Amino acid sequence: MPNLFDEVTIGSLTLPNRIVMAPMARSRADDLNRPGALMAEYYAQRAGAGLIVAEATAVSPIGRNYHRCPAIYDADQMVGWGAVTEAVHRRGGRIFLQLVHAGRATHAATIGTAPSAPSAIAASTKTFTASGFQPCSQPRELKVDDINAIVADFQLAARNAWKAGFDGVELHAANGYLIDQFLKDGSNHRDDEYGGSFDNRFRLLAQVVKVICSEVPATRVGVRLAPGRAQDCFDSDPGSLFSYVVSALASYSLCYIHMVEGIAGGATCNADIEAATLRRLYPGVWIANNGFTRHTAQETVREGRADLVSFGRPFISNPDLVRRLRDNLELTTPDKSTFFTEGAAGYTDYSPLQGG
Ligand SMILES: Cc1cc2nc3c(=O)[nH]c(=O)nc-3n(C[C@H](O)[C@H](O)[C@H](O)COP(=O)(O)O)c2cc1C
């Protein structure tokens, strides 16, 4: 029977345990979206994870989501990330980078222009800006040429990530960002080859996966999905849509699918989509996320409902989370007020438990 604390091979990578650190934006990059020494220390402290998926990282200036989010479209950003991957590897860890284009889920003040989206429909949600959380800006509809340019941005970002020493990349197709906006019909009202049928709404995801796999071996490429409503991004029939998406992704021989069950940080299951049903449609490696505890993670892996489980918030305040779960030790609660602040407080100053 598989065990949460056992070694596992995903794609072409062997991990010492099945506990993944979920990607989490922390807004600790500098004003030019470059990771610095503090970020290297933060990720290195968490190298005990079977796999770290580093936070959403923008593939282009207009793809940035949060104020001070990291990016990977220029050489200085790559140098910053290179120091992060080196620090994690020195501590014996493995780290993927999550690539994102925010689409409409951002603010004009963050990206210096109006956001872009499949359709000119604003997201009724807030985004972290230099002036705190603000309503997302009204987006403009992307033309097909713009979409082609975005696909090229993902390709370059994947190449940069690989050169910067990441062990792989995760495509962020979840949580109401651009790829998710194309998938779901609440945000995609297009009547061209990118809208309407599942085939059409899946087109951008397929194109991006293909170009990423031309830069990084497919066995080192994961995709994150979130069928539920996220950042005002929703579908009228998510069960059918995501059955299609998961089945279609099976033919790419990817490293994994990373599934947000329910609403990230909220309800842990979708009323109308059974995570277990989707999982059965995918023959590859499955990472489950959202609200897992030691007990539910162990059960999920033991019963084969997922191969691995990712933890988000617990990793913020427990850098030695794997050991604490393994030895059933107490967990520290994270301080939400420092999720997006500057500096070490609430970031690198959570200590591992002493002893043992
Ligand atoms: C501070 C914070 C930042 C997050 N940033 C990201 C992100 O960059 N990319 C992403 O896919 N999910 C992001 N999430 C969602 C987490 O990856 C995860 O899905 C969520 O926290 C639920 O898992 P948990 O219950 O183990 O925390 C973020 C969550 C938090 C709390």
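Values in this text are rule-based calculations from the coordinates and carry no lab data. Note that the structure is a prediction, hence the values are computed from the model and not measured. Heads up, the Cβs are rebuilt from the backbone with ideal geometry, glycines too, and the neighbour counts pull from every protein chain shown.
Using a cut-off of 12 Å between beta-carbons, work out the net charge of the residues near residue 335 (Lys and Arg +1, Asp and Glu -1, residue 335 not included). With Lys, Arg at +1 and Asp, Glu at -1, the net is +1.
Karplus-based coupling profile of the range 257-264, in residue order and whole Hz: 10, 10, 9, 7, 8, x, 10, 3, with θ = phi - 60° in 6.51 cos²θ - 1.76 cosθ + 1.60 and x standing for Gly or Pro. Candidate cross-link partners of residue 143 among the lysines, defined by an alpha-carbon separation under 26 Å and a same-chain spacing of 8 or more, comprise 126, 184, 210. Measuring nothing but how far apart in sequence close Cα pairs (under 8 Å, 6+ apart) lie, relative to its length, the chain scores a relative contact order of 17 percent. For residue 140, the residues whose amide H sits under 5 Å from its own are 116, 117, ignoring neighbours fewer than 5 places away on the same chain, with H placed 1.01 Å from N.
Taking a label point 7 Å from the Cα of residue 189 along the Cα→Cβ vector, which residues of the range 110-125 have an amide N closer than 11 Å to it? Answer for this model: 119-122.
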